[in-house]
Amino acid sequence: MKAAGMKTDKSDILTLLRNSADYVSGQQLCDQFGVSRTAVWKVINQLKEEGYQIESVPRKGYRLVESPADILSKSEIASRLHTKWAGRKLYYVDSTGSTNTDAKRYAEEGEPHGTTVVADMQTAGKGRRGRKWESPSGINAYFTILLKPSFAPDKASMLTLVMALAVAEAIEEVTALPVGIKWPNDIVINKKKVVGMLTEMSTTPEMDEIQYVVVGVGINVNMGSAEEFPEEIRQTATSLKLESGRQINRAVLIEHILTRFEHNYERFEQTLDLSGLMDAYQRRLVNVGAQVRVLDPAGEYVGISRGINQTGELIVEREDGSVSNVYAGEVSVRGIYGYV
Ligand code: BTN
C-alpha cells in the first residue's frame, strides 16, 4: 500500500482503463497500484471532472466509455503511448517559457534519452533564426524531445529531417491530409506551413561529442481562422483544423509523432545516414524540381532543387550547371514565387 498522502498516478489508472476492453474492478486497480479504494475512487472522480466518461457498475468495476475530444495532459498522452523510449519520461506543463529551454535543463539534470516536454502554451516560444514562435493556449501543440546520442556532432543536423518525416507521417495518419515537407523541416499543407521545428545541440568543449540534442516541434493544430495568426504569417501559415475542417485531438497527434519518431530514429541509427528514410522523405518533398533561392551567408544564389542526398543535404543545380550540396544547419531555402 502506498504511504498516506502519496499521489496515485492518474496516468497509470487511465492507461489500464484505456487498454482494457472490459470492466476493471476497483479491487484490481487497488492491487495493481498498491493504493486504497478511496484513492482509486478519487482518481476516477478527477478523471470524470476532466471530461472522461467512465461507467461504474457495482460488482463489475469501471469502464472508460469516452475521452474528451481534445484534452492535453500528462495522463492523456501517457495512457496512449506504446513507445519504448520516446516520451516514456514525460513532462507536461500548462504554461512554460519554451519547451526547448525546459528540455535542455532536464538534459543537464541527467534525464534520459527520449524525455519529452509538452506544453499547452509558451510565453517565450522560440522559432528559427532568433524569431518568436507564437504559442497561444488551448489550440496548438508545443513539445520537445531530448536525445542523448552517441554519434558524432556532424550527424545531428539529420535528426531534424528524421523528425520532419515523423511529423509528416503522423499528420497523414491522424488527418488523412496530403502532407509535404519543405526542406529541411517545415511541414506544409496546400503550400502553407503548419509545423515548425527547432533543433538545438550541446557538445563537449572539444566539440567532438554530443552532450545532448533537443528537437522542438510547434504545430498549428486547432486554430480556427486565419485571423488567429500573426499578421506577418497570415498568408503563409495554416492549421490542421483549417485544412481538414475538423478539430484534431492533440494528445493523439503527439502520440503518433512520438511513435513514428522512435521508429525513424532507430532506422537512422542503423546507418547514421538517411538511406533507410530517404524514399519516404523525398516522396513528400515539395521543393523538388522547383526554383529555389539559397540564402547562404557566403552569398545568395538561385538554382533548381533536385532532392536530398543520404546525409540530408539539398542538391541544388545552379544556373551555370554546377551542383551544390546545401547543408541544413547553415542555410535556408526559399521558393522563388512564394513561401514554398
Ligand atoms: C520555426 O521557426 O519554424 C521553428 C519553430 C519551433 C517551435 C517549437 S514549439 C516547441 C519548441 N519550443 C520552442 O521554444 N520552440 C519549439
- Query: From the set of residues in region 72-93 that are closer than 17 Å to Ile248 by Cα and charged (D, E, K, R), which is surrounded by the most Cβ atoms within 10 Å (Cβ to Cβ)?
  - Reply: Glu76
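May I ask you to list the residues in region 244-269 that are surrounded by fewer than 19 Cβ atoms within 10 Å (Cβ to Cβ) and assigned to a helix (DSSP H, G or I)?
At the first step, the residues of region 244-269 found to be surrounded by fewer than 19 Cβ atoms within 10 Å (Cβ to Cβ) are 244-247, 252, 263, 266-267, 269.
Once the filter is applied, which keeps residues that are surrounded by fewer than 19 Cβ atoms within 10 Å (Cβ to Cβ) and assigned to a helix (DSSP H, G or I), region 244-269 yields Ser244, Val252, His263, Glu266, Arg267, Glu269.
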- Query: In this structure, is Val252 in the same structural domain as Gly114 (by TED's automatic domain parsing) and either in contact (Cβ under 8 Å) with a residue 12 or more places away in the chain or within 21 Å of the chain's Cα centre (by Cα) (or both)?
  - Reply: yes
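To keep it simple, each residue is scored yes or no on (1) aliphatic (A, V, I, L, M); (2) not in a loop (DSSP other than H, G, I, E, B).
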site	(1), (2)
Ala103	yes, yes
Ala107	yes, yes
His113	no, no
Met121	yes, yes
Arg129	no, yes
Pro136	no, no
Ile139	yes, no
- Message: Out of the residues in region 270-299 meeting the condition of being among the small types (Gly, Ala, Ser) and at positive phi, tell me which one is surrounded by the most Cβ atoms within 10 Å (Cβ to Cβ).
- Response: Gly289
- When region 171-202 is examined, which residues are found to be under 17 Å from Thr238 (Cβ atoms) and aliphatic (A, V, I, L, M)? Ile171, Val174, Ala176, Leu177, Val179, Ile181, Ile187, Val188, Ile189, Val194, Val195, Met197
- Query: Cβ-Cβ below 6 Å, separation at least six or inter-chain, first residue in region 193-208 and in a strand (DSSP E or B), second of a type in the set (Asp, Glu) and modelled with pLDDT under 95: which pairs?
  - Reply: Lys193/Asp186
- Looking at region 270-319, which of the residues that are touching a residue at least 24 places away in the same chain (Cβ under 8 Å) and in a helix (DSSP H, G or I) is nearest to Ala152 (Cα to Cα)? Met278
- Query: List the pairs whose first member sits in region 105-131 and is of a type in the set (Lys, Arg), whose second member is in a loop (DSSP other than H, G, I, E, B), and whose Cβ atoms are under 8 Å apart, counting only residues at least 6 apart or on separate chains?
  - Reply: Lys126/Ser98; Lys126/Trp133
- Query: Limited to region 61-94, what total is found for residues that are hydrophobic (A, V, I, L, M, F, W, C), more than 16 Å from the chain's Cα centre (by Cα) and within 22 Å of Cys30 (Cα to Cα)?
  - Reply: 2
- Only residues that are more than 10 Å from the ligand (Cβ to nearest atom), surrounded by 22 or more Cβ atoms within 10 Å (Cβ to Cβ) and of a type in the set (Val, Ile, Thr): list them for region 180-219, please. Ile181, Val188, Ile189, Val194, Val213
- Query: Just one of the numbered conditions (1) near the ligand (Cβ under 9 Å from one of its atoms); (2) closer than 19 Å to Ile257 by Cβ is not true of Thr116; which one?
  - Reply: (1)
- Task: Among residues belonging to region 133-161 that are within 9 Å of the ligand (Cβ to nearest atom) and of a type outside the set (Gly, Ala, Ser), point out the one that is nearest to Tyr106 (Cα to Cα).
- Result: Thr144
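The values are calculated or read from the model by the stated rules, or taken from the named source; none is laboratory data. Everything numeric in this text was worked out from a predicted model, so none of it was measured. All Cβ positions, even for glycine, are placed from backbone atoms using ideal geometry, and neighbour counts span all protein chains on display.
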